[in-house]
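In what follows, a single structure is set out as structure tokens and then discussed.
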Amino acid sequence: MSSCMRGPERSLQPLTQDFGDQEAPSARGLPHFGRMRQGRGWSSALLLLLGLGCWAQKLPTRDEGLFQMQIRDKSLFHDSSVVPDGAEISGYIFRDTPKRYYFVVEEDNTPLSVTVTPCDAPLEWKLTLQELPEESSGEASGEPEPLDQQKQQVTVDEGTDLFSYKGNDVESYVSTSTPSGLYQLELLSTEKDSNFKVYATTTPESDQPYPQLPYDPRVDVTALGRTTVTLAWKPTPTGSLMGQPVQYCVVINKEHNFKSMCAAEAKMSNDDAFMLVPKPGRDFSPFDFERFGFVPSYNGFGKDRGLTSNKISRVYPPKPKASDIQKVCIGNKNIFTVSDLKPDTQYYFDVFAVNSATNTSTAYVGTFARTKEEARQKTFDLKDGKVSNVFIKRKGSKFLRFAPVSSHQRVTLFVHSCLDTVQVQVRRDGKLVLSQNAEGVRQFQLRGKPKAKYLIRLRGSRKGASTLKVLATTRPSSKHPFPSLPEDTRIKAFDKLRTCTSVTVAWLGTQDRNKYCIYRKEVADNYGEEQRRREQNQCAGPESRRKSEKVLCKYFHSPNLQKAVTTETIKGLEPGKTYLLDVYVVGHSGHSVKYQSKLVKTRKYC
């Protein structure tokens, strides 16, 4: 094949023949270039060359040196009408604009194989044969026929139709013996601008660029979980029998299966290139971008779920997100586990055998599977105004249901986390109305709705098990079993009033008359906040303390919240010692809540 030849200008007439009248053979996962069709002596089409002051090369005896030079210099085939012999080329076609490729077969009885791979959209393509003039033969004498005259012959003479196809399958035309002539490959996309690939060779038996599929080309799902799917497939004989470098690439998405690698790549952005194979012994989840330092901007974690954050939908369909379609190349193993999937979600899985030397690929028969549903959690009912004790395992969740029997305007939710921080989510009739973390005592006010039902989800800590006290009520605050709390539950110590034997502290109260009890405990000088959190259960009341630690109990309230503050001087302390102070507020029904503990130290010298 000669690299100096050009095809005819784009002024050729558009494709008008209806390809739908011919049977469209399917080549999904074909291991041997697809279906053969007998034409003029099993004719078919391979690389075009139109003489531009150069003599055409005889295809049956390909010049390997020239071929390797052409392959290395990709610019020779960029946007060219000439199809190189034995190399896959990529092209781009505009909608409703035919694109034509040409090649010349100089000798009769030449084997030929042409493969077209649609990417973005279905293609219509057909292969035709033009008889070459006698004087244009490579063995003829005299000057070559002028290029303009060759163009005119191609335009006027429609030639012989050898093969046509319409669809998005990878389809091939293979012939063991073709006559000499000028071959034209014409492509048309009627849906949209599209990418495609074309491969042609006159030595199909020896080239075999596409990996062969095994006798059973299906991808099997061998294990299925809530967040994982394990895939297995039979290896391609190309790697084991022919010694060619082959690796497998797995494509995962939520829309449909792909019939070719380029179809999957067309759906991916340029940034979503090949991902590295996972380390031995551990499969990589393509959905976990954080392992690569990427921050997913499409999820809503860490953002407030405002009730008024209604977004205007886009006019055009959004580009597939990184989580919607991923490709992972895993080397030569034929078993792979995809993890970190979403429960109760259908995924499509495709496997491609890729020739690492030529970068050509063959698609296995893809599969799909729906992950299992989340394990159904048992739901516990909350009674209006009654405190419930809740225990949650490490990283576990508990579901609570609150269904007021009467009409209500407001729901007050108390969550008292005894140990570590927990996540609180509340749905009212299925709509998310609250999602916050709770540490210590938190009080939430929810807007009521007639006959509304509330589902409360409590998610435990990653550090360990969680213990909580939960109260939901529609009653006025004066009848709550939990004592009313100020927004700020810290204890304030006055440094200037600190002596060798006493400290003075203050804390906020409320408009409700409550009982407050103060306790003290001597601790080591290196006693820190983390140690305090590990040792103390925030839900434990005064009854758990030693009598010797009790300082006093008193009642306090103020009609004016601006003045709802009380102070107390704790005496009888030792110089230079560290003490842990706790204030408990006790409700009418005996339920107590502890303020945030305070570390104080007396002066050593006075």
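Show me the GluC sites (Glu not before Pro) within segment 196-267 that DSSP assigns to loop and that have at most 16 other Cβ atoms within 10 Å of their Cβ. Sites meeting the loop and neighbour criteria: GLU255. A simple count of charges around HIS557, restricted to other residues whose Cβ falls under 12 Å of its Cβ and scoring Lys, Arg +1 and Asp, Glu -1, yields +3. For segment 491-601, what does the alpha-carbon gyration tensor say about shape, rounded, prolate or oblate, given a ≥ b ≥ c as the root eigenvalues, a/c under 1.5 as rounded, and a/b over b/c as prolate? Oblate, since a/c reaches 1.5 and b/c is not below a/b.
Here the simple spin-label model places points 7 Å from the Cα toward Cβ, and for TYR555 and LYS393 these points are separated by 4.7 nm.
Distance between the pseudo-spin-label points of ARG475 and PHE368 (7 Å out from Cα toward the beta carbon): 5.4 nm. Using a probe radius of 1.4 angstrom, the carbon and sulfur fraction of the accessible surface of segment 380-473 is 45%. Taking 0.36 nm per residue of separation and subtracting the current Cα-Cα distance, fully stretching the chain between GLU522 and HIS588 would add 20.7 nm.
Summing charges over all other residues whose Cβ lies under 11 Å from the Cβ of ASN437, with Lys and Arg as +1 and Asp and Glu as -1, gives 0.
Given a 1.4 Å probe and every protein chain left where it sits, what share in percent of the accessible area of segment 491-601 is carbon and sulfur? Solvent-exposed carbon and sulfur of segment 491-601 make up 46 percent of the total. What is the log10 of I(q)/I(0) for segment 174-273, computed with the Debye formula using one identical point scatterer on each Cα and no solvent, at q = 0.13 Å⁻¹? Debye output, listed in q order: -0.77. Modelled spin labels at GLN436 and LEU224, positioned 7 Å past Cα toward Cβ, are 4.2 nm from each other. Can you pull the percent of Cα pairs in segment 380-473 with separation above 24 Å? Here the tail beyond 24 Å accounts for 14 percent of pairs.
Estimated at the nearest 10 Å², the accessible area of THR421 is 50 Å² with a 1.4 Å probe. Per residue, the accessible area of segment 491-601 comes to 56 Å² when a 1.4 Å probe rolls over the protein heavy atoms. A full extension of the chain between GLU543 and ARG498 corresponds to an added length of 13.3 nm, given 0.36 nm per residue minus the alpha carbon distance. When the pairs LYS99/LYS234; LYS234/LYS393; LYS234/LYS463; LYS431/LYS469; LYS386/LYS515; LYS398/LYS577 are compared against a 32 Å limit on Cα-Cα distance, LYS99/LYS234; LYS234/LYS393; LYS234/LYS463; LYS398/LYS577 fall above it. Residues within the reach of a label modelled at CYS606 (point 7 angstrom out along Cα to beta-carbon, backbone nitrogen below 20 Å), restricted to segment 566-593, are 567-581. Each other residue within a Cβ distance under 10 Å of PRO343 adds +1 if Lys or Arg and -1 if Asp or Glu, for a net charge of +1. Does segment 191-241 come out rounded, prolate or oblate, given a ≥ b ≥ c as the square roots of the eigenvalues of its C-alpha gyration tensor, rounded meaning a/c under 1.5 and, failing that, prolate meaning a/b above b/c? Note, shape of segment 191-241 comes out oblate. Residue separation of ASP193 and SER177 scaled by 0.36 nm, minus their Cα-Cα distance, works out to 2.3 nm of gained length.
The values are calculated or read from the model by the stated rules, or taken from the named source; none is laboratory data. Remember, predicted model here, so these are calculated numbers, not experimental data. Every residue, glycine among them, receives a Cβ derived from its backbone with ideal geometry; neighbour counts consider all protein chains shown. Areas reflect the complete protein model, heavy atoms only, side chains present, ligands, DNA and RNA absent. Shrake-Rupley method; radii C 1.70, N 1.55, O 1.52, S 1.80 Å.
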